[in-house]
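Input: a single structure, listed below in structure tokens.
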Amino acid sequence: MVAFATRVGETAGVTANSRVTIAAHALAWMELARRRGREVLSSEEVAASVNTNAVIVRRSLGDLQRAGLVRARRGNGAGYSLARSATEITLLDVWLAVSPEPLLALHHGEPNLECPVGRGIRPVLTDLYDEATDTFRAALARSTVADILQRILA
């Protein structure tokens with residue numbers, strides 16, 4: 001029998017940055033369970049590993065399901081499983097699935113266009129933010145769920 005974590009803690013809120021961490025954790029745990037002969041895990045089993053509330057994990061798993069990264073099984077043997085091989089799921093896939101906001105954002109409102117900084121800051125920061133986002137995406141695209149699990153288990 002495979003041993004699974006059983007303690008579940010709660011978190012007050014989930015930031016955009018931690019959504020990626022929770023999703024990557026869930027996928028790595030699902031891959032380890034698969035390797036140990038468990039194709040399907042309940043949200044409670046995943047939440048026990050993440051040490052958070054199952055509601056938070058179900059929200060994350062729903063995002064991953066919509067992105068085609070996990071499958072949900074209903075009825076007898078209900079739970080979640082990987083929809084693709086862990087070697088084919090990149091951290092970029094995970095980030096795109098669970099992060100609705102851009103990595104970096106400009107002002108919510110229009111800056112003061114009478115000010116030389118207010119007039120010129122948007123195009124300058126847009127270029128810098130686009131470059132940073134491209135670099136960030138490329139770094140995430142180089143790592144898969146299988147890579148993460150390999151590093152965890154090393």
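Given Cα pairs under 8 Å that are at least 6 residues apart, what percent is the relative contact order of segment 69-154?
Reported relative contact order: 38 percent.
As a check on your grasp of the helix formula, calculate [θ] at 222 nm for the chain: sum -39500 (n - 2.57) over DSSP H runs of n ≥ 4, divide by the residue count, round to the nearest 500.
Mean residue ellipticity at 222 nm (helix-derived): -17500 deg cm²/dmol.
About its Cα centre, what dipole magnitude does the chain give when the only charges are +1 on Lys and Arg Cβ and -1 on Asp and Glu Cβ, stated in debye to the nearest 20?
I would put it at about 800 debye.
All of the numbers you see were taken from the coordinates with simple rules; none came from a lab. Keep in mind it's a predicted model, so treat the numbers as computed, not measured. Positions of Cβ are generated from backbone atoms using ideal geometry, with glycine treated the same way; all protein chains shown enter the neighbour counts.
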